[in-house]
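The values are calculated or read from the model by the stated rules, or taken from the named source; none is laboratory data. It should be emphasised that the depicted structure is a prediction, and the values quoted were computed from it without experimental measurement. Quick reminder, even Gly has a Cβ in these numbers, built from the backbone with ideal geometry, and neighbours come from all protein chains shown.
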Amino acid sequence: MDKTDKPMSVLVVDDEKDIRDACERILTRIGFQVLTASTGAAALEVMSRNSVPILLLDLKMPGMDGMQVLTHVREMDETTLVIMITGFATVETAIEAMKNGAYDFIAKPFEPEQLRIVVNRAAEKMQLLHETRALEEERNRTLADLHTEKTRIRTIVESLPDGVGVTNSQGQMVLMNPAFLQLLDLPPDCAPGKPIEACIADNEFCNLIREISQGWHVDYEDIPSHELDVSDEKFLLARSRPVLGEKNQCLGAVVNLVDITSMKIIDRMKSEFVAKVSHELRSPLSTIHEQLAHVLSEMLEESSGVDPHILQRAKEKTHGLISLIGDLLDLSRIEAGIVTQEPTSVCIDELLKNIVDFMGTRAKGKNQSLLLDLPDQPLPALMADPLALESIFGNLIANALNYTPQGGLIRVRAELAGISIRVSVIDNGFGIGARHLEKIFDRFYRVKDENTRFITGTGLGLPIVKGLVDSLGGFIDVESTPASGSTFTVTLPVKEADSS
């Protein structure tokens with residue numbers, strides 16, 4: 001026993017004074033605090049007044065014998081370790097004592113070393129039990145303490161303008177700051193302990209929070225955000241992350257709510273404005289483009305001597321404006337959730353072959369190689385909007401052709417990845433610098449350098465692709481190295497057709 005620790009108490013119960021005195025002398029020397037009693041009744045009285053982790057109990061005593069005392073001890077404190085002292089060291093006696101809850105036994109007459117070994121072993125067992133209970137209490141501590149905690153951290157959380165809510169591992173709300181209650185139109189006195197579904201009326205998001213709370217997303221760094229429609233005029237952006245303990249175990253989830261109502265209203269007004277203006281401009285610009293093409297054709301036939309490059313440049317610019325308007329209208333439709341066609345069964349193999357064949361002429365014009373790699377087994381059909389798929393892969397392949405120099409290689413690779421189809425467009429073109437990668441899906445963003453300054457474009461192709469991929473429940477990823485090329489990878493879930 002470690003002498004620096006508080007002495008552990010041992011109660012010696014025996015009707016023989018010599019045994020009691022000998023045990024007290026031996027155990028005191030190795031650091032135990034020893035209490036003694038000559039009868040079973042006296043022992044129970046001592047235990048009612050003192051904490052006794054270890055009990056040395058004689059089996060044969062007048063009046064209340066050891067077995068009877070053992071029964072009472074188990075009722076008083078089942079954690080006490082009882083070592084039976086018996087002069088009848090038979091297997092039957094030991095088994096009977098163990099069945100009644102004894103920890104160990106020692107037979108009379110015993111040597112001092114025997115006593116020290118048995119009691120020290122019991123003390124180590126008791127120390128381990130204490131440590132185990134402490135660890136269990138620590139493990140069982142939940143985030144519910146946050147509700148009653150009066151610390152500076154809680155004060156800070158309550159004063160945050162954003163909504164902050166915390167769940168435990170069962171998905172119950174254990175903390176909700178005032179902003180959280182206000183954003184969800186909950187009463188100010190709403191008490192914790194309710195399931196997440198009682199606070200947020202969005203089953204999809206509640207299921208996600210419950211999964212996060214139970215530790216399903218501990219190793220995920222890209223947990224998606226979620227938009228909540230609290231009412232027709234209130235929109236919230238919700239982000240959530242797991243709350244981890246010291247041993248990386250999941251204790252629950254933290255939910256952050258931000259009011260994006262004003263942003264949604266402005267975005268809606270902007271989309272409506274863009275759609276209206278684009279619609280009004282498309283018709284006159286198309287007419288101007290046709291007139292310029294007609295005039296340019298006549299000038300070339302008449303050989304009037306007038307430099308046609310000015311008109312050719314004007315024709316190109318009007319065509320660029322028409323493309324820009326078309327892209328803006330596409331973006332407006334995507335943001336409004338308008339799908340050009342109902343989802344149908346699409347054979348991705350055939351769709352990619354048609355796009356690659358169509359783009360092949362353009363690739364040959366730049367002496368480029370455009371290849372399609374398909375698996376030996378046909379890919380499963382996708383339930384999706386075919387025009388959306390054509391726009392996604394058409395834009396990606398067109399970009400690869402534009403940003404790959406003469407004689408380059410563009411490879412389109414399709415494969416089955418679990419329950420998804422993965423399509424990669426790989427080129428060995430100019431590549432994209434790391435500082436641009438986070439912005440290439442922003443509207444109107446274009447990489448401008450010596451390689452790309454003569455390449456025309458609207459800067460809306462990739463935002464359209466990402467919007468369409470998101471609308472289909474997929475993901476798009478890009479890897480790129482300057483001067484080595486880029487790889488755009490689209491992953492789309494395979495959805496079975498509705499048999500009804």
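Inspection of region 429-445 identifies at least one residue that is at pLDDT below 85, more than 27 Å from the chain's Cα centre (by Cα) and surrounded by 15 or more Cβ atoms within 10 Å (Cβ to Cβ).
Among the numbered conditions (1) buried (at least 16 other Cβ atoms within 10 Å of the Cβ); (2) among the hydrophobic types (A, V, I, L, M, F, W, C); (3) under 29 Å from the mean Cα position of the chain (by Cα), the only one that I410 does not meet is (3). Within the option set A102, A107, A89, A97, being closer than 19 Å to L129 by Cα, modelled with pLDDT under 90 and of a type outside the set (S, T, Y) holds for one residue only, A102. Among residues of region 4-19 being touching a strand residue (DSSP E or B) at 6+ places or on another chain (Cβ under 6 Å) and at pLDDT 90 or above, the one that is farthest from V52 (Cα to Cα) is D14.
Annotation note: of V69, V12, the sole residue that is touching a residue at least 40 places away in the same chain (Cβ under 8 Å) and over 20 Å from Q114 (Cα atoms) is V69. Scanning region 176-197 for residues that are within 17 Å of R154 (Cβ to Cβ) and in a helix (DSSP H, G or I) yields P178, A179, F180, L181. The number of residues in region 151-170 that are without any contact (Cβ under 8 Å) to a residue 60 or more places away in the chain, part of a loop (DSSP other than H, G, I, E, B) and under 24 Å from Q214 (Cα atoms) comes to 1.
Within region 202-247, which residues are more than 14 Å from the chain's Cα centre (by Cα), farther than 21 Å from M176 by Cβ and in contact (Cβ under 8 Å) with a residue 24 or more places away in the chain? Listed by number, the list holds a single entry, E233.
Within region 233-269, if we keep just the residues that are among the small types (G, A, S) and in contact with a strand residue (DSSP E or B) (Cβ under 8 Å, 6 or more places away or on another chain), the residue that is farthest from V164 (Cα to Cα) turns out to be G245. Screening region 13-112 for helices (runs of 4 or more DSSP H) wholly inside it with 2 or more residues that are buried (at least 18 other Cβ atoms within 10 Å of the Cβ) and outside the structural domain of T132 (by TED's automatic domain parsing) returns no ranges. Just so you know, in region 390-406 the residues that are free of Cβ contacts under 8 Å to residues at least 60 places away in the same chain and in contact with a strand residue (DSSP E or B) (Cβ under 8 Å, 6 or more places away or on another chain) include one that is farthest from I348 (Cα to Cα), and it is L401. Taking the stated definitions as given, is I117 touching a Ser or Thr at 6+ places or on another chain (Cβ under 9 Å), of a type in the set (A, V, I, L, M, F, W, C) and modelled with pLDDT of 85 or more? In short, no. Considering G252, G305, the condition of being surrounded by 12 or more Cβ atoms within 10 Å (Cβ to Cβ), outside any helix (DSSP H, G or I) and either at pLDDT below 85 or out of contact with any His (no Cβ under 8 Å at 6 or more places or on another chain) (or both) is satisfied by G252 alone. For region 93-117, residues that are in contact with a Phe, Trp or Tyr (Cβ under 8 Å, 6 or more places away or on another chain) and β-branched (V, I, T) total 1.
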